[in-house]
Amino acid sequence: MGMPETMRAVRIAEHGGPEVLEVTEVAVPTPQAGEVLVQVSAVALNNTDLWTREGAYGRPGDPEALSGWRGPVDFPRVQGADVAGRVVAVGGDVDQCLVGRRVVVDPAIYDAEGPDANPVGLMGSERDGGYAEYVTASAERVHDVTTSPLADDQLATLPTAYGTALGMIERGRLREGETVLVSGASGGVGLALVQIARARGARVLAVSSESKIDAVREAGAHDVVDRARNVAEQIRAAAPDGIDVALDVVAGDLLSEGLPLLREGGRWVIAGALGGYTVTFDVRRLYLHNAQVIGSAMHTPKHFDLLMNLARQGEIQPVIAATFPLDQAAQAQDELARRAHVGKIVLHP
């Protein structure tokens, strides 16, 4: 059976609310040299989808500017960074053996070749993504997970959330036996942080809303504090000797209040700003205690390779909160924005 000429996709033609998500019929993309065509079986939602749609990332020197992940969005844009599916065609210079393989796509666009390259673009923001029946990707960025025991829905949750989590843990140099603080622990990245940090032998102290504490404990947290109460006070009680590493997707007041809770040589790793991006803190708490504040945007190719090995071995168990058909992408993003769920939301093209 030949390939169809058109496919369903969900695009944005401008920044705005969920109403700018448009279900449309577009041409099936053709894989160029070095690329593959992936038939999408599942695509997971992330906060990056919301913020790209809203233009909420700002730009250097202009934090209020409407912007995608790393700059202006070239509209119209198909959203969706997190893709699991099967390779159905390949472009020139790509091994035909990839056809039929079950794959996860690394959505990052890197600034260089090599295992330690930095992500400077993202599928669904700087190039078309997986809110569609098909998507093209560089053959170097598709990872064969045919043997993984994880379902396609679970595999689709990995690239951004678990990739971001693993990048934070690696950049924070988390070691066995250390005490780690995880903020936003019931979200996609937060649950990934809890699971991976626990697997690495760390003592995990998580911050979550009261209604989700049991779910966060089930994911592996040793202790959970209620974000609606005095968080710093609860952390001091749970970890009187301080914390070694903070893995933070909230920032805002948590960063201001939490820095003094770091042990000597502690590391505070930030990969989000759910609590606000303008922060004031006492810089003396950094230099007098040899502490570090580390920015972490997603992952490197080396980090993603580590993640895919975990997926092939089934050593992580992503939690699926809900699934939606592709034409309900707006409703799915509404659900994500409400933050009433635990785990990841997935679309089925």
Putting +1 on Lys and Arg Cβ atoms and -1 on Asp and Glu Cβ atoms, find which of G272, A322, L259 reaches farthest to the positive end of the dipole of the stretch 250-330.
L259
Going by Cα centres, the stretch 108-173 and the stretch 285-306 are how many Å apart?
19
Rounded to a whole number of µm²/s, how large is the Stokes-Einstein D of the chain at 37 °C and 0.692 mPa s, given Rh as the Kirkwood radius over C-alpha pairs?
160
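Convex hull volume of the Cα atoms in the stretch 94-223, per residue, in Å³? List each step's numbers first, then the result.
Working: hull volume 18.8 nm³, N = 130.
Roughly 144 Å³ of hull volume per residue.
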To check my understanding: the extent here is largest minus smallest coordinate of the Cα atoms along each principal axis. What are those three numbers for the stretch 64-144, in Å, largest first?
47, 30, 20
Looking at T52, V40, A206, which one has the Cα that reaches farthest to the positive end of the dipole of the chain (charges on Cβ: Lys, Arg +1; Asp, Glu -1)?
A206
Separation in nanometres of the label points that stand 7 Å from Cα toward Cβ, at D327 and T30
2.9
Just to confirm, what accessible area per residue do you get for the chain at 1.4 Å probe, in whole Å²?
42
Quarter of Cα convex hull surface for the stretch 212-349, i.e. mean projection, nm²
10.6
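How large, in percent, is the carbon and sulfur part of the accessible surface of the stretch 89-156 at a probe radius of 1.4 Å? Each step should come with its number before you reach the end.
Numbers: 1270 of 2660 Å².
C and S atoms contribute 48 percent here.
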Restricting to Cα pairs below 8 Å that are 6+ residues apart, what does the relative contact order work out to for the chain? Please round to a whole percent.
19
Two pseudo-spin positions, 7 Å from Cα along C-beta at A199 and at E14, lie apart in nanometres by 4.4
Restricting to the chain, what percent of DSSP beta bridges are antiparallel, rounded to 5?
55
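How large is the charge dipole for the chain, taken about the Cα centre, if only the Cβ atoms of Lys, Arg (+1) and Asp, Glu (-1) carry charge, to the nearest 20 debye? Display every interim value, and only then the final one.
On the way: 31 positive and 46 negative charges, 170 e Å.
With only Lys, Arg, Asp and Glu charged at Cβ, the dipole is about 820 debye.
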At 0.36 nm per residue, minus the direct Cα-Cα distance, what do E315 and D74 gain on full extension? Give it in nm, one decimal, please.
83.0 nm
T146 to L66: extension gain in nm, 0.36 nm per residue of separation minus the Cα-Cα distance?
24.9 nm
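Rounded to the nearest 20 debye, what is the charge dipole size of the stretch 120-183 about its Cα centre when +1 sits on each Lys and Arg Cβ and -1 on each Asp and Glu Cβ? Write out the running numbers ahead of the final one.
On the way: 5 positive and 10 negative charges, 63 e Å.
It works out to roughly 300 debye.
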In square nanometres and to one decimal, what's the mean projected area of the convex hull around the Cα atoms of the stretch 1-86?
6.9
Only four residue types carry charge here, +1 at the Cβ of Lys and Arg and -1 at the Cβ of Asp and Glu. Report the dipole size of the stretch 220-328 about the Cα centre in Debye, rounded to the nearest 20.
200
Mean residue ellipticity (222 nm) of the chain, computed from DSSP H runs ≥ 4 via -39,500 (n - 2.57), nearest 500:
-6500 deg cm²/dmol
Over the stretch 242-349, what percent of the accessible surface lies on carbon and sulfur atoms, probe 1.4 Å?
50
Quick one: Debye curve from the C-alpha atoms of the stretch 278-349, no solvent, what's log10 I(q)/I(0) at q = 0.15, 0.19, 0.22, 0.27 Å⁻¹?
-0.85, -0.95, -0.99, -1.10
Using a basic spin-label model with each label point 7 Å from the Cα along Cα→Cβ, how many nm lie between V283 and A340?
4.5
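Percent of alpha carbon pairs in the stretch 12-158 separated by more than 21 Å? Don't skip to the end; give the middle numbers.
Values: 4807 of 10731 pairs.
The answer is 45 percent, as a whole percent.
The values are calculated or read from the model by the stated rules, or taken from the named source; none is laboratory data. Just so we're clear, the structure is a prediction, and the values are computed from it rather than from any experiment. Note that we place each Cβ from the backbone using ideal geometry, even for glycine, and neighbour counts take in every protein chain shown. When the accessible area is computed, the model is the full protein with side chains, heavy atoms only, and any ligands, DNA or RNA have been set aside. Shrake-Rupley method; radii C 1.70, N 1.55, O 1.52, S 1.80 Å.
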